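In what follows, a single structure is set out as structure tokens and then discussed.
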Amino acid sequence: MSENSIDIALVQETYLKPNRPKACSIAGYVQLRTDRTYSSKGGTALYYRRSLHCGPINIPPLTNMEATGCRLAMTGHSTLVIVSVYLPSPKRLLRRDLRALFALADAIILFCDFNCKSIRWGCPSNNYNGIKLDDFEDRLDFGIIAPSTSTCFPHVVTHIDPRR
């Protein structure tokens, strides 16, 4: 990551387990993570360069989302809260979860895998959560920045050899 000048990296669906706290650590970076304990998938992580003025924050209880966050202090700017968020499919997007995250700070950026599909951000169709997120964007007064192309490829099958 340092070769590419990455200061902060956010990950969803980490699949990391609490019994391996040093798994996926990266030299020169602090790893913050929230592991899912009830299933083999899920989890969120956040890596930040050790030289940054960054620190972990407590995430309030969330009903359907998983999240890991930090507070970043920047010279000449107000403090920024950055959160890695995952909403497992098929769980519903809940307004109370979004409000709890937005209440963490005045300046906050959520990097999310919400499993929301909407033609507004490049998906071929909408799903329930995509329609709700679009509605919440207006009601809760926040903006969505999404890739210009779809990130969902349901017909692509990959196989990873576990011996590698």
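The values are calculated or read from the model by the stated rules, or taken from the named source; none is laboratory data. Note that this is a predicted model, so its numbers are computed, not measured. When we count neighbours, we look across all protein chains shown, and the Cβ atoms used for this are built from the backbone with ideal geometry, even at glycine. Surface accessibility is based on the protein's heavy atoms, side chains included, excluding ligands, DNA and RNA. Shrake-Rupley method; radii C 1.70, N 1.55, O 1.52, S 1.80 Å.
Points to keep in mind about this one:
- Restricting attention to the chain, lysine pairs at least eight places apart or on different chains and with alpha-carbon atoms under 15 angstrom apart total 5.
- Computed label-point distance, nm, for sites Lys91 and Ala73 using a 7 Å Cα→Cβ extension: 3.2 nm
- Between Thr37 and Arg20, the distance separating the two model label sites (each 7 Å from Cα on the Cα→Cβ line) works out to 1.9 nm.
- Surface analysis of the chain yields an accessible area of 64 Å² per residue, using protein heavy atoms and a 1.4 Å probe.
- Overall form of region 1-70: prolate. Here a/c, set by the Cα gyration tensor axes a ≥ b ≥ c, is 1.5 or more, and a/b is the larger of a/b and b/c.
- Loop-located trypsin sites (Lys or Arg not before Pro) across region 60-109 with a Cβ neighbour count of 14 or fewer within 10 Å are Arg92, with loop assigned by DSSP.
- Glu3 accessible area, 1.4 Å probe, all protein chains in place, Å² to nearest 10: 150 Å²
- Cα gyration tensor shape for region 83-152, rounded if a/c is under 1.5, else prolate or oblate: prolate
- R0 of 22 Å, Cβ-Cβ distance Ser51-Ile145: FRET efficiency to nearest 0.05: 0.25
- Computed packing ranks the peptides 112-119, 80-87 as 80-87, 112-119, most packed first, by mean other Cβ atoms within 10 Å.
- Rg and Dmax [Cα atoms of the chain; Å; Rg one decimal, Dmax integer]: 16.6, 49
- Protein heavy-atom surface of region 1-160, 1.4 angstrom probe: 53% of the accessible area is carbon and sulfur, with nucleic acids and ligands not counted.
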